[in-house]
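Below you'll find the structure, written out as structure tokens, and then a few comments.
The values are calculated or read from the model by the stated rules, or taken from the named source; none is laboratory data. Nothing here was measured: the structure is a model prediction, and the numbers come from that model. Note that each Cβ is placed from the backbone with ideal geometry, even for glycine, and that neighbours are counted across all protein chains shown. Side chains are part of the model used for accessible areas, which takes the heavy atoms of the whole protein and leaves out ligands, DNA and RNA. Shrake-Rupley method; radii C 1.70, N 1.55, O 1.52, S 1.80 Å.
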Amino acid sequence: MSADPVAIARDLLRCPSVTPAEGGALAFLEKTLKAADFTVHRMTFSEPGTDDVENLYARIGSAAPHLMFAGHTDVVPVGDEKDWAHPPFSGAVDNGRLYGRGAVDMKGGIACALAAALDHLSANGGKPKGSISFLITGDEEGIAVNGTPKLLQWAAARGEKFDHCILGEPSNQEELGDTIKIGRRGSLNGHLIVTGKQAHVAYPHRGDNPVRGLVALIAALQAEPLDAGSAQFSASHLEFTSVDVGNKTVNLIPGEARARFNIRFNDHHTLESLKALIERRATKAAGDKIKFAFKWEPSNAGVFVTKPGPFTETVASAIADVTGRKPELSTTGGTSDARFIRAFCPVVEFGLVGQTMHQVNECVPIADLRALTTIYRKIIDKHFA
Ligand SMILES: [Zn+2]
């Protein structure tokens with residue numbers, strides 16, 4: 001008998017696991033994975049000033065190749081429960097859809113991966129030819145400190161080696177199979193601070209107005225594109241988000257002026273090379289006239305891309321077999337835990353359709369749960385073929 005992704009998804013949806021609560025979701029996975037002979041570890045990670053978060057790592061097999069399914073069982077809050085057509089933790093089925101917070105983001109995706117793995121195992125005498133693992137966190141929708149990064153470090157310290165990872169986030173835009181995410185742009189936040197000299201506006205020669213310098217530098221930093229895009233990415237983009245002087249006095253030249261900006265950048269840059277480029281351009285524009293400094297905010301959102309190759313082709317052909325669609329290999333959108341995983345193995349994101357994620361009445365068509373399970377099953381079979 002094959003595993004039922006709808007039943008698994010319902011059991012998960014009935015667990016109220018709003019970050020950082022475990023809600024019974026990891027306990028359910030532990031029980032189900034142990035019954036299929038996975039070795040299961042449950043870890044709680046802590047950090048001063050943050051909530052403790054529970055996580056799970058489960059593996060079956062000890063040989064290579066090692067395919068890892070990653071994901072999160074935590075969900076965002078439901079908002080006002082009265083707005084939901086079905087209680088958000090009931091796992092109601094209505095008109096061919098399964099409802100509940102996390103239906104697409106991403107308990108449904110985990111249920112499909114689990115059902116596919118169980119099916120693969122029962123068709124192969126209970127053991128994979130290599131290894132299959134599940135790396136599941138309860139801290140993705142929160143600040144992601146006590147989740148995937150620590151889980152990966154813990155696994156690496158035990159000598160775990162991964163060949164490929166599928167992160168089951170809702171990657172599709174409109175229909176199952178339309179999009180695989182193979183990377184994300186990086187994100188960098190900076191402050192530009194121009195220092196001048198205060199003076200009475202009637203005697204400007206006694207001062208040095210930093211607003212002039214700030215305007216000149218803002219113009220210079222926007223004058224030239226950062227690059228022309230790359231094979232997998234659109235052009236990097238710098239956008240000023242705030243300009244602040246905070247001067248309430250009408251007859252005072254301020255002593256300092258600031259601006260804040262964000263850069264979404266592609267694989268022509270690293271965080272460090274990008275900072276150097278911006279500082280170089282500002283230095284050139286400033287000459288010896290404008291006194292300025294940059295303050296960079298810490299970022300763990302570097303750019304990454306899993307280059308198209310045999311692994312992305314395996315995923316794309318499984319999708320085409322089941323849905324008839326040729327998925328777009330996309331690098332758009334915000335960040336996900338893939339930014340941590342990519343340091344350990346190539347990772348692609350493929351899951352359900354994201355349209356109702358984080359919304360009231362989040363739901364998934366039952367047909368999508370079954371189709372995604374078949375896609376994952378084909379990927380597993382091909383991975384170990
Ligand atoms: Zn998610």
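Being within 16 Å of the ligand (Cβ to nearest atom) and either in a loop (DSSP other than H, G, I, E, B) or closer than 21 Å to D163 by Cα (or both), is that true of even one residue in the stretch 22-30?
yes
Of all residues in the stretch 51-79, count the ones that are assigned to a loop (DSSP other than H, G, I, E, B) and either in contact with a Cys (Cβ under 9 Å, 6 or more places away or on another chain) or without any contact (Cβ under 8 Å) to a residue 40 or more places away in the chain (or both). Full working, then the answer.
Filtering the stretch 51-79 for residues assigned to a loop (DSSP other than H, G, I, E, B) gives 51-52, 61-65, 73-74, 76-79.
Those still in the list that are either in contact with a Cys (Cβ under 9 Å, 6 or more places away or on another chain) or without any contact (Cβ under 8 Å) to a residue 40 or more places away in the chain (or both) too: 73.
Matching residues across the stretch 51-79 total 1.
Taking the options A320, A316, A367, name whichever one is assigned to a helix (DSSP H, G or I), buried (at least 18 other Cβ atoms within 10 Å of the Cβ) and more than 15 Å from the ligand (Cβ to nearest atom).
Sole residue among the options that is assigned to a helix (DSSP H, G or I), buried (at least 18 other Cβ atoms within 10 Å of the Cβ) and more than 15 Å from the ligand (Cβ to nearest atom): A316.
Could you say whether any residue in the stretch 85-101 is small (G, A, S), part of a strand (DSSP E or B), open to solvent by less than 10 Å² (accessible area, probe 1.4 Å) and within 16 Å of the ligand (Cβ to nearest atom)?
Our first condition is that a residue be small (G, A, S); within the stretch 85-101, this holds for 85, 90-92, 96, 100.
Going one step further and asking which of them are part of a strand (DSSP E or B), we end up with none.
Taking every residue of the stretch 85-101 in turn, none turns out to be small (G, A, S), part of a strand (DSSP E or B), open to solvent by less than 10 Å² (accessible area, probe 1.4 Å) and within 16 Å of the ligand (Cβ to nearest atom).
Name, by its number, the condition in (1) under 30 Å from A113 (Cβ atoms); (2) at pLDDT 95 or above that does not hold for F233.
Unmet for F233, out of (1) under 30 Å from A113 (Cβ atoms); (2) at pLDDT 95 or above: (2).
Listed residues T306, T335; which is farther than 25 Å from A123 by Cα, crowded, with 20+ Cβ neighbours inside 10 Å, at pLDDT below 95 and among the β-branched types (V, I, T)?
T306
Being open to solvent by 60 Å² or more (accessible area, probe 1.4 Å) and either of a type outside the set (F, W, Y) or at pLDDT 95 or above (or both) is the filter here; which residues of the stretch 196-218 pass it?
K197, Q198, H200, V201, A202, P204, H205, R206, D208, R212, V215
Would you say E81 is over 18 Å from the mean Cα position of the chain (by Cα) and surrounded by 15 or more Cβ atoms within 10 Å (Cβ to Cβ)?
Here the answer is no, as E81 does not meet what is asked.
Matching residues to (1) polar (S, T, N, Q); (2) assigned to a strand (DSSP E or B); (3) in contact (Cβ under 8 Å) with a residue 12 or more places away in the chain; (4) surrounded by 20 or more Cβ atoms within 10 Å (Cβ to Cβ):
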{"position": "A257", "(1), (2), (3), (4)": "no, yes, yes, yes"}
{"position": "D267", "(1), (2), (3), (4)": "no, no, yes, yes"}
{"position": "L274", "(1), (2), (3), (4)": "no, no, yes, yes"}
{"position": "R280", "(1), (2), (3), (4)": "no, no, no, no"}
{"position": "A285", "(1), (2), (3), (4)": "no, no, yes, no"}
{"position": "F294", "(1), (2), (3), (4)": "no, yes, yes, no"}
{"position": "G302", "(1), (2), (3), (4)": "no, no, yes, yes"}
